[in-house]
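As structure tokens, the structure follows; a few thoughts come after it.
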Amino acid sequence: MDKFFKISERGSNVKTEIIAGLTTFFAMAYIVIVNPNQVIGFSFDVPGVPAIWNAVYIASILAAVIGTLLYAFYAKMPFAQACGMGLNSFFFTSFVLPQIIAGKDVVKGYQAGLVIILVSGLVFLILSITGAREYIAKAMPDCIKKAIPAGIGLFIAFIGFQNVGIIQANQYTLVQFVKLNGVTWKTVAPAVIALFGFLLIAVLTKLKVKGAVLISILATSVVYYLATWTVPNFDISSFAEPFKDFANIGVTAVFQGESWRNAFSPEFVGGIFSAIMLIVTFCLVDMFDTIGTLYGAASEADMLDENGDPIDINKSMACDSIATCSGAVLGTSTVTTFVESAAGVAAGGRTGLTSLVTALCFAVCLFLSPVASIIPSAATAPALIFVGVLMLKNFSKVDMQDMRSAVPAFLTLVMMPLTYSIANGIGIGAIAYVLITLFTGKYSKKDIVVTLIAALFVCKFVFGAM
């Protein structure tokens, strides 16, 4: 084992690797509960949605296990994978929400979305194998690369605030802070308790408590049921239901001709052009999210080569793209390398053994679905808001003195939450960058890639809303 994982060679030991694996798991275990909630947008009362929740719950765990095992045995790196935050919300707003609004079949929308994810994963894999992925990543403007995760962070936080009513609709100002006076306690309890949960995560993280997010979810759940004086509906008989729905509508989706027709139809996705734009968007977001995570975690582990790049970066990227394809086949949104992997790295993880331990921990979660279903949104929303905080940090590296960087980065950042679309943010930022670069005489050959992306978005904005 020592020879296979190169444990001694990388200055580690088995005990440290096991502790690191457990640390990574507890840092990102919240995704087991949060991901299915995000994919359905907490719309439990819509017909077909509970079945999607069940299918995604099982698929999310299996995808995390497969993706993390790839890191363990192929790349042999101490990183873990799971369904990407922000990408799961994008999946909901792109494929599930339109069907809810139109009163149509949400299951068919969900299955059409899985086809789009599979195609994006295959494109991702081809780009990784050919090396084009690395080229595209380097060709995108640095300001937009830094703004994308920050914009996604704001978008995720905004969704978290909405899910528990901290931010509410207002006919005059569009949004407002939750009203705390003149309403019943039960009405505002989710918002108040969610704010408590968010602050609890912040305090525990500041105190360097391992698994701060998971601890907060569990503690806030207890507080919620005590404060609202309600009893959780714990039904052990529902244990088999997730596996049944997973088999019926999840893992079978991408093998159905109807799912492929719907994926490129105007009724479910908006047509072929919309499908292409969605595929491009999922690829771009996953690409930059993964690259950012790899560079950050590898730097923390002192696992960079002489050029400042993560060692075996191509293997890591291949693991990411294969995991996305696997996740789509199983029935969940895009799988990506998790930034929480840095927690395990900080605990001393240096090899694939760390990833193996994390994967085994995820596997145990397959049998905990009755427990996961009783976690209220007031407990998971704080995790979304906190992830938003973490994802904003890269924006501080944007050169705000140079308008060619500042304006595109700003537009990318704010347009994601304000237009409720990650794609819109990237597109508007790319368009702004190309125009400013062109009219200030700074345009060069390296800007061709972002110009093509901007042109695609211009066509999309002109010929159909995204």
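What follows is calculated from the coordinates using simple rules that are stated; it is not laboratory data. Since the structure is predicted, the reported quantities are computational estimates derived from the model, not experimental observations. When we count neighbours, we look across all protein chains shown, and the Cβ atoms used for this are built from the backbone with ideal geometry, even at glycine.
Brief remarks follow.
- Pair-distance profile P(r), taking every C-alpha pair of segment 404-445, with 5 angstrom steps and integer %: 6, 28, 28, 18, 12, 6, 2
- Sequentially through segment 22-38, phi angles give Karplus couplings (6.51, -1.76, 1.60; θ = phi - 60°) of 5, 4, 4, 4, 5, 6, 10, 4, 4, 5, 4, 8, 6, 4, x, 5, 5 Hz, Gly and Pro residues having no value and appearing as x.
- Distance from segment 164-240 to segment 1-79 (C-alpha centre basis), Å: 24
- Highest to lowest packing among 18-31, 88-101, 260-273, 201-214, scored as the average C-beta count within 10 Å: 18-31, 88-101, 260-273, 201-214
- Projecting the Cα atoms of 293, 18, 313 onto the charge dipole of segment 2-463, computed from C-beta unit charges around the Cα centre, puts 293 farthest toward the positive end.
- Dipole-positive endmost among 228, 273, 406 within the chain (Cβ charges, Cα centre): 406
- Segment 179-231 - Debye-derived log10 I(q)/I(0), Cα point model, q = 0.30 Å⁻¹: -1.09
- For segment 4-81, the fraction of C-alpha pairs more than 16 angstrom apart is 59%.
- Projecting the Cα atoms of 163, 331, 257 onto the charge dipole of the chain, computed from C-beta unit charges around the Cα centre, puts 163 farthest toward the positive end.
- Only Cα pairs under 8 Å and 6+ residues apart enter the sum, and on that basis the relative contact order of the chain stands at 34 percent.
- From helices alone, the chain scores -21000 deg cm²/dmol at 222 nm; the rule is -39500 (n - 2.57) for each run of n ≥ 4 DSSP H residues, then divide by the residue total.
- Using alpha carbons only, the radius of gyration of segment 330-466 set against its Kirkwood radius gives Rg/Rh = 1.08.
- Residues 245, 305 arranged by fewest to most Cβ contacts within 10 Å: 305, 245
- Pairs of Cα atoms in segment 2-463 fall into 20 Å distance bins, from 0 up to the last occupied one, in shares of 25, 59, 15, 0 percent.
- Derived scalar couplings ³J(HN,Hα) [segment 210-215; Karplus, 6.51 cos²θ - 1.76 cosθ + 1.60; whole Hz; x for Gly, Pro]: 5, x, 4, 5, 5, 4
- In order along segment 63-73, the Karplus-derived 3J(HN,Hα) couplings, from 6.51 cos²θ - 1.76 cosθ + 1.60 at θ = phi - 60°, round to 5, 5, 5, 5, x, 6, 5, 4, 5, 5, 9 Hz, and Gly and Pro are given as x.
- Ignoring lysines fewer than eight residues from residue 206 along the same chain, the ones with Cα atoms less than 29 angstrom from its Cα are 15, 145, 146, 393, 397.
- For the listed peptides 171-178, 156-163, 330-337, a ranking on the average number of other beta carbons within 10 Å per residue, highest first, reads 330-337, 156-163, 171-178.
- Divided by 2.2 N^0.38 Å, where N counts the residues, the Cα radius of gyration of segment 36-134 comes to 1.22.
- From the alpha carbon centroid of segment 432-460 to that of segment 298-358 is 32 Å.
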